[in-house]
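Comments concern the structure below.
The values are calculated or read from the model by the stated rules, or taken from the named source; none is laboratory data. Being a predicted model, the structure only gives us computed values, none of them experimental. Here the Cβ positions follow ideal geometry from the backbone for every residue, glycine too, while neighbour counts run over all protein chains shown.
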Amino acid sequence: MTRLRRAVRGLIAAAAVLLTATAASATARAAPEPKAPKDFVALSAVDPTIIQEIRYFTPHNFVGRRIDGYRQPLCILTRPAAQALHTAQKQLLRKGYSLKVYDCYRPQRAVDHFVRWAQDLDDQAMKGEFYPNVDKTRLFEDGYIAAKSGHSRGSTMDLTIVELPVGPTRPHVPGTPLVPCYAPEAERFPDDSLDMGTGFDCFDTLAHTLDPRIQGQQRANRLLLKNTLENLGFVNLAEEWWHYTYKPEPYPDTYFDFPVTRQSLTTRR
């Protein structure tokens, strides 16, 4: 009888451990996603006329697949940055142009995805378009990939200018032959942007905003973007003609990880 009682107690204890583990697992799965602070907004709520082509929601990027954390093709920014873009858009609309954003707030999980991709030297599916002249072993050393991004602070965006009216363009089809991002405008992937000399996310020194090899209309187009935004408080990253940060940043030292979705902007603190 004693042995039977011990066996029963053992079974009860084991069952209790299993139930506890199951409950803990269920709790972990049900843990709510982080939310954006209240002063983050969808850009479309501030200015619905700015065109959005959120590249990391699509496979047309240097990784070649949708990036972690991008659940909707949505530009999210801190309100001051969004309002400053609205002012820039009003100026450009009067000249027959529109802004187009490629990326805005970027969750830390997306940056982590970039890091994992950069460490996988066998994955070079998109090299032919985005980094044809860069050895993948140098992506960290050359500054193309980093463990932290200003985008995760909410006031940085990647963007360009398009001429209005915007006409139809062919969609990106995975598996089609890739053309270098620095090829002549008529040859590289068409995305309606004014000719900036390279495409977006071009890992090449030709993408440096004031690279002396970029002249004529290409340079004038870069300066139109640069002068319009810098007059409103934006600061350009010299190595990327498309990269701007609105200053002063509300969160200069905070790297957020809420997903890119409208749900991140509801029921917030």
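Mind checking which residues of the stretch 163-188 are among the acidic types (Asp, Glu) and free of Cβ contacts under 8 Å to residues at least 60 places away in the same chain?
To start, the set of residues in the stretch 163-188 that are among the acidic types (Asp, Glu) comprises 163, 185, 187.
Correct list: GLU185, GLU187.
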query = GLN83 versus (1) crowded, with 19+ Cβ neighbours inside 10 Å; (2) in contact with a helix residue (DSSP H, G or I) (Cβ under 7 Å, 6 or more places away or on another chain): which is the lone unmet condition?
reply = (1)
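For (1) part of a loop (DSSP other than H, G, I, E, B); (2) in contact with a His (Cβ under 9 Å, 6 or more places away or on another chain); (3) among the β-branched types (Val, Ile, Thr); (4) not assigned by TED's automatic domain parsing to the domain that holds GLN89, each residue gets a yes or a no:
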position: THR160; (1), (2), (3), (4): no, no, yes, no
position: GLY167; (1), (2), (3), (4): yes, no, no, no
position: PRO174; (1), (2), (3), (4): yes, yes, no, no
position: PRO177; (1), (2), (3), (4): yes, no, no, no
position: GLU185; (1), (2), (3), (4): yes, no, no, no
position: GLY199; (1), (2), (3), (4): yes, no, no, no
position: CYS202; (1), (2), (3), (4): yes, no, no, no
position: ILE214; (1), (2), (3), (4): yes, yes, yes, no
position: GLN217; (1), (2), (3), (4): no, no, no, no
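Restricting the stretch 119-170 to residues that are over 22 Å from TRP241 (Cβ atoms) and hydrophobic (A, V, I, L, M, F, W, C), which is surrounded by the most Cβ atoms within 10 Å (Cβ to Cβ)?
The first filter runs over the stretch 119-170 and keeps only residues over 22 Å from TRP241 (Cβ atoms), leaving 119-125, 135-137, 147, 165, 167-168, 170.
If we keep only those that are hydrophobic (A, V, I, L, M, F, W, C) too, we end up with 121, 125, 147.
Working: LEU121: 10, ALA125: 16, ALA147: 11.
The qualifying residue surrounded by the most Cβ atoms within 10 Å (Cβ to Cβ) is ALA125.
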query = helices (runs of 4 or more DSSP H) wholly in the stretch 62-151 with at least 1 residues that are acidic (Asp, Glu), outside the structural domain of VAL162 (by TED's automatic domain parsing) and touching a strand residue (DSSP E or B) at 6+ places or on another chain (Cβ under 8 Å) - which ones?
reply = none
ask   = Which of the residues spanning the stretch 227-248 are closer than 25 Å to PHE57 by Cα and charged (D, E, K, R)?
value = GLU239, GLU240
request  = Return the pairs, sorted by first residue and then second, in which the second residue is surrounded by 15 or more Cβ atoms within 10 Å (Cβ to Cβ), the first residue lies in the stretch 117-146 and is farther than 27 Å from ASP191 by Cα, the beta carbons are less than 6 Å apart, and the residues are 6+ apart or on different chains.
outcome  = LEU121/LYS136
